[in-house]
Amino acid sequence: MIEYTNLQHKKVLVLGLAKSGVAAAELLHQLGAFVTVNDSKPFDENSQAQNLLEKGITVICGRHPEDLLDEGFELLVKNPGIPYTNPIVDDAVKRGLQVITEVELAYLVSEAPIIGITGTNGKTTTTTLLFEMLNNGGKNPLIAGNIGTVACGVAASATKENIIVTELSSFQLMGIKEFKPKIAILTNLYDAHLDYHGTFEDYAEAKFNITKNQDETDWFIYNADQEIVKEYAAKSNAQKIPFSSNGRTNEGISADDTMIYWKGEAFLERLNIALPGKHNLENILAALAACILYGCDKEALEEVLKTFTGVRHRTQFVRDWNGRKIYNDSKATNCLATKVALEAFSQPTVLLAGGLDRGHSFEELRSSMRNVKSVVAFGQTGERFIEFAKSCEVEETVLAENVEDAVTKAASISESGDVILLSPACASWDQYKSFEIRGDLFIDAVMKL
């Protein structure tokens, strides 16, 4: 860890706990700051606050005092999920108080270079794949951010021999001041989190913060197939590495139906890549570009691509059963995610879908239902999804009680050569506490076939 002294003896407020708040408070305390933590959860129910108090950190729990900022704080570190409309955050901004998130702290103390990955879709897959390839290439990576350990905790123990690979949300990137990754990756931009950001423009600007401090000694890897991303990329001061899955290009990394190219030259064949789908090809290109820039051996990269079948609950290959390939995409809690998953396959598909009924239409899926031969629907939206499937002229529709029952029914109506895909297009909360629980039960049921 870099001996960062600029926070020594400064009064710092950490707003909100969870993993990021705890890690930030502990690091700030280690750096010699006078730390106060404020969290809404009552102290007697708040084991995290109790542990921080034992370490000599001031804690204020159960409420957010209106006069909290009158204590003379010089910095506010907020949980990324707390919006800037929060009264304390809003007051801090009006007072001219610097407001950051813990990823800024990670950058300030890290001896290791940082690769930051952001975008609307594909962040987790790209981050995980990149970590696995760098690891296989002998580059000593560490994984951090939304996908793993809190970034500032990882950075505190990293050395110059490591590379920190971190997934970054728009919430985190709004709070950066000096953060400057050696490599920044922007996978794509679509409408998302507008309840937090207000407009798509504000959301996109937050994402683009990943490269705002980069210079000509850094690299910016971006999706050249999206016009909006290209427009933002033109503003970056970093060396630009575009990626495209729409055919061979002479710049950056690209792919056609059979080959991946680096700066127009054939790099590796797509034949043995295990991860399906055009969206995943984009993730692969972005991750490969970063590995090439770090000098990874091509054979080491190919070894990972032959075996990497996806992140758990994100178009995750589960098993081959009696000629059927079965995939778990429980993370698909909206129609856009299910649309992307369906378009990854050309084989006849048995789709398992349904869940919490938010009253949303499934119409966005219509153009992607062409390879769906059967639908097994469950949950609150089960009957509505079956009505939609029939309107798409799906050959067979079946109503199931839950995801486990859906697996049994899908197995019985499927044939060798089919894909069985759980991609619900709905949240899980009508029957399951999380999409992870729903996905795990799906996997358990598949393994029992």
Would you mind checking which residues have amide H under 5 Å from C426's amide H? H placed 1.01 Å from N; only 5 or more apart, or other chain. N334, G354
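What FRET efficiency comes out for the pair N6/E161, r = Cβ-Cβ distance, R0 = 22 Å, nearest 0.05?
Efficiency computed from Cβ-Cβ geometry: 0.30.
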Where is the GNM fluctuation largest for the chain (alpha-carbon springs, 10 angstrom cutoff): G119, G145, G62? G62
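Express the accessible area of the chain per residue in Å², computed with a 1.4 Å probe while the remaining protein chains stay in the model.
43
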Between D44 and S391, what is the label-point separation in nm under the 7 Å Cα-to-beta-carbon projection? 5.4
Taking the chain as a Gaussian network, Cα atoms linked when under 10 Å apart, which of I114, I163, I88 shows the biggest mean-square fluctuation? I88
Compute all pairwise cysteine Cβ distances in the chain, then list the cysteines with no distance under 4.7 Å to another cysteine. C61, C152, C335, C392, C426
Of V372, V398, V35, the one that fluctuates the most in a GNM where the chain has Cα springs shorter than 10 Å: V398
Probe 1.4 Å, all protein chains in place: accessible area of F43 in Å², nearest 10? 80
Show that you can apply the helix-only estimate: for the chain, add -39,500 (n - 2.57) for every DSSP H stretch of four or more residues, divide by all residues, and state [θ] at 222 nm to the nearest 500. -9500 deg cm²/dmol
Summing Lys, Arg as +1 and Asp, Glu as -1, what charge do residues with Cβ under 12 Å from the Cβ of T217 carry, T217 excluded? -1
Which residues qualify? For G62, with a placed amide H closer than 5 Å and at least 5 residues away or on another chain, they are D39, S40, K41, F43
As a test of reading the structure, rank H64, H197 by solvent-accessible area (1.4 Å probe, protein chains only), most first. H64, H197
Which order do the peptides 283-289, 48-54 take when ranked by the mean count of other beta-carbon atoms within 10 Å per residue, highest first? 283-289, 48-54
Given the pairs K230/K373; K325/K390; K263/K306; K11/K235; K230/K390; K94/K207, which are separated by over 31 angstrom at their Cα positions? K230/K373; K11/K235; K230/K390
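For Y196, Y107, give the ranking by accessible area with the largest first, probe 1.4 Å.
Y107, Y196
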Heavy atoms of M174 accessible to a 1.4 Å probe, total area in Å² rounded to 10: 70
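The values are calculated or read from the model by the stated rules, or taken from the named source; none is laboratory data. Everything numeric in this text was worked out from a predicted model, so none of it was measured. Glycine gets a Cβ as well: all are built from the backbone with ideal geometry, and neighbour counts include every protein chain shown. Accessible surface areas use protein heavy atoms only, side chains included; no ligands, DNA or RNA. Shrake-Rupley method; radii C 1.70, N 1.55, O 1.52, S 1.80 Å.
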